Amino acid sequence: WPSCRPEVNWPYLGLSAFLPLILALGVALLCGALASLRLHQQGGSSRSAFRRLLLTLGISFAFTFLVFFLWEECRTVIGVLGVAVGRGSDQRIMGILRAYGQGFLSVDRAKAAGWYQKAAESGDAQAQVLLARCLAEGTGVPKDLGAALRWSEASAALGEPQGMLLAGDLNFPKSQAIANAWYHQALLASVAQARRGDGEGALTCGRIYLKGKGVQADKVQGLAWLLLAEQLGLAPMRVMAVKAEMADATPDQRMQARERMQTIHLVAAEARPTPP
């Protein structure tokens, strides 16, 4: 894959290291003060005591800085370690980090697509969808609708609803019947996810109804699923998208959606398997 410089977001790296640096200095000074009191009480040669004090400061500073810095960058570091052993899910995460410039990695769409491909080839269904989208949009790679369709269908075959939706979108211009079949499968898979308590599954159901993918467009039904998704639990950015959709609805639509969400939630809860 093409290379793009700079690979490291140095300004972010400097800022993210600043707080751990201050904390590490504070811990080191505290340890040094305690060590000084102890050495003073023990007596002995001043040169030996000074060396021991420096050793205490150095070890406490290095250890504290490493702990706080890794805590700050744990997601990226874990991703790097997973990538080192060739784990598909971590290769996908590394691709996401490169796509959006998260952590100390700068934005590089080409490298992101490269990581998606590595993860997709290892059988990661979510990475296959991400790679298919890159190919469909020409993001980081040359646009290739045929390859995008193959990867989306590979993801769909592994049961990934987003792969089914994308396969439907890519088939739609050529065959509405094939597209609707994929949309129907995506809806069934998403409902099954929601019944297991997965907010992402409910979110996908909502989007299917809002956009009328393979079903009659129904804004109230779509909003009801979005509300259920928020209740089941979503990432903050997803919650913002739900709130934006709700803000765009009329008061009557919002009221109907809340009423319908209660019914959907009840049915989903009854179908949800109880833990052993």
- [ ] Determine whether the stretch 255-274 contains at least one residue that is surrounded by 12 or more Cβ atoms within 10 Å (Cβ to Cβ), at pLDDT below 90 and not in a helix (DSSP H, G or I).
- [x] yes
Task: Residues of the stretch 186-226 classified as in a loop (DSSP other than H, G, I, E, B) and over 23 Å from the mean Cα position of the chain (by Cα), total - done: 7
Task: Residue identified as farther than 18 Å from Thr263 by Cα and under 22 Å from the mean Cα position of the chain (by Cα) among Glu230, Glu245 - done: Glu245
Open item on the list: I'd like to check something: does the stretch 142-156 contain any residue that is hydrophobic (A, V, I, L, M, F, W, C), over 17 Å from Gln126 (Cβ atoms) and not in a helix (DSSP H, G or I)?
Closed with: no
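The values are calculated or read from the model by the stated rules, or taken from the named source; none is laboratory data. Everything numeric in this text was worked out from a predicted model, so none of it was measured. Neighbour counts run over all protein chains shown; Cβ positions are idealised from the backbone, glycine included.
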